[in-house]
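Below is one structure, written out as structure tokens; the observations come after it.
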There are 2 protein chains.
Amino acid sequence: MAKQKKAPRPKAETPKGFRDYFGADVAERKAMLDRIAEVYQLYGFDALESSAVETVEALGKFLPDVDRPNEGVFAWQEDDDGDWLALRYDLTAPLARVYAQHRNDLPTPYRRFAMGPVWRNEKPGPGRFRQFYQCDADTVGTASVAADAEICMMLADALEAVGIERGDYIIRVNNRKVLNGVLEVAGLPEEAERERGIVLRAIDKLDRLGVEGVRALLGEGRKDESGDFTAGAGLSVEQSQRILGFVTAGEAGLGDGMAAATEEVTDFPGAVAAAKPDAATVLARLAELVGDSATGAEGVSELRQIADYCAAQGYGPDRIVIDPSVVRGLGYYTGPVFEAELTFEITDEKGRPRQFGSVAGGGRYDDLVKRFTGQAVPATGISIGVDRLLAALRMKGRTGGEARGPVVVTVMDRDRMSEYQAMATTLRNAGIRAEVYLGNPKNFGNQLKYADKRGAPVAVIQGSDEAARGVVQIKDLDLGAKLAQTATLEEWKDQPAQFEAPVGELVARVRAILDRG
Amino acid sequence: MAKQKKAPRPKAETPKGFRDYFGADVAERKAMLDRIAEVYQLYGFDALESSAVETVEALGKFLPDVDRPNEGVFAWQEDDDGDWLALRYDLTAPLARVYAQHRNDLPTPYRRFAMGPVWRNEKPGPGRFRQFYQCDADTVGTASVAADAEICMMLADALEAVGIERGDYIIRVNNRKVLNGVLEVAGLPEEAERERGIVLRAIDKLDRLGVEGVRALLGEGRKDESGDFTAGAGLSVEQSQRILGFVTAGEAGLGDGMAAATEEVTDFPGAVAAAKPDAATVLARLAELVGDSATGAEGVSELRQIADYCAAQGYGPDRIVIDPSVVRGLGYYTGPVFEAELTFEITDEKGRPRQFGSVAGGGRYDDLVKRFTGQAVPATGISIGVDRLLAALRMKGRTGGEARGPVVVTVMDRDRMSEYQAMATTLRNAGIRAEVYLGNPKNFGNQLKYADKRGAPVAVIQGSDEAARGVVQIKDLDLGAKLAQTATLEEWKDQPAQFEAPVGELVARVRAILDRG
């Protein structure tokens, strides 16, 4: 290789795991978040935009996910005082810091929403980025489950506001206290942290592994198809049975884990919903399973209250259901947990139909602020997976925010630039997105290619001949593209996709094309 | 001091130089940026949201500002491959990287706008933060000054769209080539980098130091009031005279620097504007000053073209003017440079009236993409100082985006929570922002204090007695606050700020109060 004579050129690349968002992608996401923000505002939630950078001390050493290594953040050391700073990895840890810092100035309870990027220092993979958006709503400073119920109802409203129809989503609610009660009664006290951790993660995999897979993880362990072995919690058959009874208490049948063992849990939604027991039945089963555990009974009572609050506002089981199979991976939840799933079918990478799945999750976490102040501050909230919800809207054709390409005014005669600009100005003054082609005008074909790349619906053309006669050529590019695919020679010859019009009719004729599209 | 028995609590603090934005602050900025985005969209500019993190290689080692140390970025090293990553310090360097990376997929010219936070690793100070918003619009891939003119006109539209009235702002346009021509003729060739740097920075301080201060910096140097000495460029009297002639060519009088020497350059705007020469006179003076410099002549011709383009679309000197005193600090500008100033008066910290000053700046930079591709790609753009513009709108009372506090439904009887929630639901279904008080309801005074902290316009109250009669108490909090300040005892006794209404009239009665406010 030849020796480098000067510094090599820098590579024009996003860092691994990062990406750029262009035009319509930005507009679609913004439109979706704007609609969600409107709903949150309506419920009395206030916007909060906290600093993207936090002290590592304030963020805490560990990411909340039990499974994640503690190097999950992007961090660096300050030059002057040696403090470590880091990019926020979610919007909840900063909320805890903000509330602790500003609690004397904030109302209590404090309802806030936040939308913005978060960063994770993880191995990037397909569809797995190290910067992504989160969209959270939380209520800090009240232990009332009315706050949890409100979050669930607001989430339902938000999903409908962005275009997910009723029937295409379901919000599942569970309570960590009920699970804790069941574990207690099953002889797994709080101190059995390792076993409880394995149990939580096993239940979280119910969707994927089915009841028998979870049963194996609760017991000795599980060998997957590749032969890899995952160690289990080592519970007895009776212990496992009680836990599986809890997990399947929302299913049809006896709710003892046996009935559900042979059927797919995430089967066709309509069919399953029809067969599912009502809230009262599920709650009665849970009350039985928690036996004389005070924690468990409290959890069941909270779930009943949430179901009642939701029902009273008309949010029935077609939107919000009690579902004991929802545990949420995060260790910090202390009470109610929520998960929103989209229930419409999509085709997975192997061509099999499956439900779209989870787009939001959350729950009650009463200990996050305590780290800072020493005082327990009850809080509850929800986080919407922005990219997943956006992907769902795209599949449903409901994005709406798409920025239409501008009308492109082409340049036939460089010396008459001001006149072309005047046409664009006239269109803009009428509220029509318009621009003048500003590349080299020599090759007219390039101008039309440019208009195509811009997604322009219309091109405006005026040579000196047209200028002298006070007219313009208006080219309907969408229609032209359609004709190019389907038109007969006669239709093509008529060239209805391009016509001449007096300059004074420019706005009216262009608008007619745009209104048709 | 007592020994620490366990790890101390983390401090609940934003890192030094960072801050959080709450409620109305977020809403106001969003409303402003939304309006600017609408204008940019209308002009055919597409949104771009590039990654917040870049490789240090792509960003370049140095910040573009000559005065700034090269440690101006927040950077860290990747664990796996040792690559250095950094937070973007502006939106222009990422644009260059994006364009170089995606140029085959992007239209040329590429018009894009970007809005978002940038980060600077600088010593924080009062009002000087290490994370702040920028709002940029750039056109990449065309050398046509029609693009520069378009940027200026679009900026004028954007300022008016957010609420800055015509007459309250002026966009000043200059051309770096004219300055370079003048320097050439004055005997300061491109190679005299040090001297040229000093000259640029000296001119940039004209506002603050006046003509004589600049003259000192062009010559031997300048001693400020504190006695500190700043070394000058060491130019001769003749050289300085030519440069000052250029800088003051937009002023009344002979444009030789002498006439302007005794008057305040940033005097009362209306008066100065009346006395200022028209564009043709300024251009003639500049043409004389650049003598036979080809670069200088090109610059004058470009300025003439921009003035013509703007005038043709009706953007006269009341909005866009040629002003040779604008140089912009950044070394990378290669042609036209722009600066938007707000000309209305404010009172400075010493109580003296002065103009609000610059809120946006930009210009043509033709070499940024070349770093990556080896090919020169002409580009031009503008950056709006988001915080400064927002501050100006606040002073003018034109923010508009302020989120009104919600109607607060108070809780008299905890057992009837669902009924209070139903009132909030009813109000929200009518589009009225509303929430139920979810703190401890025992102390009713706390509920009213909460409503006050929320900026609630109305509180809704229903005890069991009212519930039995099917009525609610509606408390007009704004009126109440007003009465508390001004009412006579009689007025106060009438309590018109609180009244009873049938539950069925809740929406209508609340709306009447909101519509009045």
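The values are calculated or read from the model by the stated rules, or taken from the named source; none is laboratory data. Small disclaimer: the values here were computed from a predicted structure and weren't measured. Using ideal geometry, Cβ is built from the backbone for each residue, glycine included, and neighbour counts are taken over all protein chains shown. Areas reflect the complete protein model, heavy atoms only, side chains present, ligands, DNA and RNA absent. Shrake-Rupley method; radii C 1.70, N 1.55, O 1.52, S 1.80 Å.
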Would you check the accessible area of B:M423, probe 1.4 Å, heavy atoms only, in square angstrom rounded to 10? 10
Pseudo-spin-label distance B:N104 to B:D515, built 7 Å along Cα→Cβ, given in nm, is 6.1
What distance in nm separates the two pseudo spin-label positions at A:A481 and B:Q485, each 7 Å out from Cα along the beta-carbon direction? 5.8
Beta bridge orientation in the range B:407-516: antiparallel %, DSSP, nearest 5: 65
Net lengthening on full extension, B:N443/B:Q473 (0.36 nm per residue, minus Cα-Cα): 9.0 nm
Sequence ranges A:13-21, B:125-133, B:142-150, ranked by mean other-Cβ count within 10 angstrom, highest first: B:142-150, A:13-21, B:125-133
In percent, what relative contact order does the range A:324-392 have, based on Cα pairs under 8 Å that are 6 or more apart in sequence? 27
Give the nm distances, rounded to one decimal, from B:E466 to the matching residue in every other copy, measuring between label points 7 Å along Cα toward the beta carbon; shortest first. 6.7
Step through the residues of the range A:505-511 one at a time and calculate ³J(HN,Hα) from phi using the Karplus curve (6.51 cos²θ - 1.76 cosθ + 1.60, θ = phi - 60°), rounding each to whole Hz and writing x for Gly and Pro. 9, 3, 4, 4, 5, 5, 5
Using only atoms on other chains, find how many Cβ atoms lie within 10 Å of each Cβ of peptide A:231-242 and report the average. 0
As a check on your reading of the symmetry: which chain B residue has its Cβ nearest the axis that brings B onto A, and how far is it in Å? B:W76, 2
Here the net charge surrounding B:A114, from other residues whose Cβ is less than 9 Å away from its Cβ (Lys, Arg +1; Asp, Glu -1), is -2
Per the helix-only model, the protein assembly as shown has a calculated mean residue ellipticity at 222 nm (DSSP H runs of ≥4, -39500 (n - 2.57) each, divided over all residues, rounded to the nearest 500) of -12000 deg cm²/dmol
Other copies of B:Q375: label-to-label distances in nm, shortest first, labels 7 Å along the beta-carbon direction: 6.4
Counting other C-beta atoms within 10 Å, and keeping those with at most 14, which DSSP coil trypsin sites (Lys or Arg not before Pro) do you find in the range B:322-354? B:K350
Result for interface chain A to chain B, accessible surface buried in total, 1.4 Å probe, Å² to 100, stands at 8000
Of the residues B:V510, B:V408, B:F499, the Cα lying farthest along the dipole of the range B:407-516 towards its positive end, which is defined by charges on the beta carbon of Lys, Arg, Asp and Glu, belongs to B:V408
Between B:A294 and B:R398, 0.36 nm times their residue separation minus their Cα-Cα distance comes to what? 32.8 nm
Measure out, as a whole number of angstrom, how far apart the alpha-carbon centroids of the range A:18-64 and the range A:154-205 sit. 24
Contour minus Cα-Cα span, B:E225 to B:K205, at 0.36 nm per residue, comes to 5.7 nm
Using θ = phi - 60° and the Karplus curve 6.51 cos²θ - 1.76 cosθ + 1.60, what whole-Hz ³J(HN,Hα) does each residue of the range A:41-58 get, with Gly and Pro shown as x? 4, 4, 7, x, 7, 9, 5, 9, 10, 8, 4, 6, 9, 10, 6, 4, 4, 6
Contact order normalised by residue count of the range B:407-516, Cα under 8 Å, 6+ apart, percent: 26
Rounded to the nearest 10 Å², the 1.4 Å probe accessible area of A:S301 is 60
Binned at 10 Å starting from 0, the alpha-carbon pair-distance distribution of the protein assembly as shown in whole percents comes out as 2, 9, 16, 20, 19, 16, 11, 6, 2, 0, 0
Counting pairs of alpha carbon atoms under 8 Å apart in space and at least six apart in sequence, what relative contact order in percent does chain B give? 15
Sum up the charges of everything whose Cβ sits under 14 Å from the Cβ of B:N440, counting Lys and Arg as +1 and Asp and Glu as -1, but leave B:N440 out. +2
Dipole magnitude (debye, nearest 20) for chain B, charges at Cβ of Lys, Arg, Asp, Glu: 1940
Report, as a whole number in µm² per second, the diffusion coefficient that Stokes-Einstein gives for the range A:407-516 at 10 °C and 1.306 mPa s using the Kirkwood radius over alpha carbon pairs. 112
For the cross-link pairs B:K123/B:K223; A:K11/B:K177; B:K396/B:K482, which exceed 27 Å when the distance is taken from alpha carbon to alpha carbon? A:K11/B:K177
Between A:F132 and A:E212, what is the label-point separation in nm under the 7 Å Cα-to-beta-carbon projection? 3.2
Hey, can you find the accessible area per residue of the protein assembly as shown for me, probe 1.4 Å, expressed in square angstrom? 44
With every protein chain in place, the range B:407-516: carbon and sulfur % of accessible area (1.4 Å): 50
Could you compute the net charge surrounding A:M395? Neighbours are other residues with a C-beta less than 12 Å from the C-beta of A:M395; K and R count +1, D and E count -1. +2
Relative to the Cα centre, what is the charge dipole magnitude of the range A:407-516, using +1 at the beta carbon of each Lys and Arg, -1 at the beta carbon of each Asp and Glu, and rounding to the nearest 20 debye? 400
Please identify every one of the GluC sites (Glu not before Pro) in the range A:271-376 that sits in a loop by DSSP and has no more than 16 other beta carbons within 10 Å of its own beta carbon. A:E349
Which ³J(HN,Hα) values in Hz, rounded to whole numbers, follow from the phi angles of the range B:470-479 under the Karplus curve 6.51 cos²θ - 1.76 cosθ + 1.60, where θ = phi - 60° and Gly and Pro get x? x, 10, 10, 8, 10, 10, 7, 6, 5, 4
Starting from a label point 7 Å past Cα on the Cβ side, list the distances from B:G504 to the same position in the other copies, nm, shortest first. 5.8
